[in-house]
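Only one structure is covered here, and it is reproduced in the block below.
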Amino acid sequence: MTPLSAAGLMPVRRPSDHRPRLDGLSAAGVATFRALFDRAPATSAADFARLDGDVSMRSFPGAAERVLGPLMARPSYFWVAKSLRHLDDGTAVGHNVFRVLGGVRALNFVARVGDSVIDGRAAVLFDYDDPRVGSRRPARRIYDELREIEPDLWLGPSYFLTGAKRVPMGWFALDASVPFDGPA
């Protein structure tokens, strides 16, 4: 039984539709995200420890993403949150939360603070290939990073791994200040 077994999962709740900081990032545009990520302070273990439970999420497609891009930019996009549960060793296990079929938790990951592949400074790293969470292909080829750009507002890139190469898929943001309402 992994730390993400069905017995340990909470029901899927939906984040409030009132998400002004995520809307502000949408308005700022993907072209500003790298600078925001670079200016953010290196992530500490204490910062990471505050990133806990269900956290509202918004996806931002990469410039080349023409198919899903218009859908991903909508606040009503079906990918609504990441959920993290900290273990006792500076590691968290988690999954992504989707607003489909009444709410689904999938795409399991292990997260920890480590060196960013972008600039070598500390960031939260998401490993979907860790055997403790039992992710299946192609999810095991996803790689994400995050840094806190404002209090409780996190931003980072998402990549798809092909061999030793990281192919940029876009960016995503988590806003830990967004309350969650009832079931999805």
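The values are calculated or read from the model by the stated rules, or taken from the named source; none is laboratory data. Quick caveat: nothing in here was measured; it's all calculated off a predicted structure. A quick note on method: Cβ atoms are made from the backbone with ideal geometry, for glycine too, and the neighbour counts reach across all protein chains shown. All accessible areas refer to the heavy atoms of the entire protein, side chains included, with ligands and DNA or RNA removed. Shrake-Rupley method; radii C 1.70, N 1.55, O 1.52, S 1.80 Å.
Observations
- Inter-label distance, nm, simple model (7 Å from Cα along the C-beta direction), residue 132/residue 89: 0.6
- With all protein chains modelled, accessible area of residue 128 [1.4 Å, Å²]: 0
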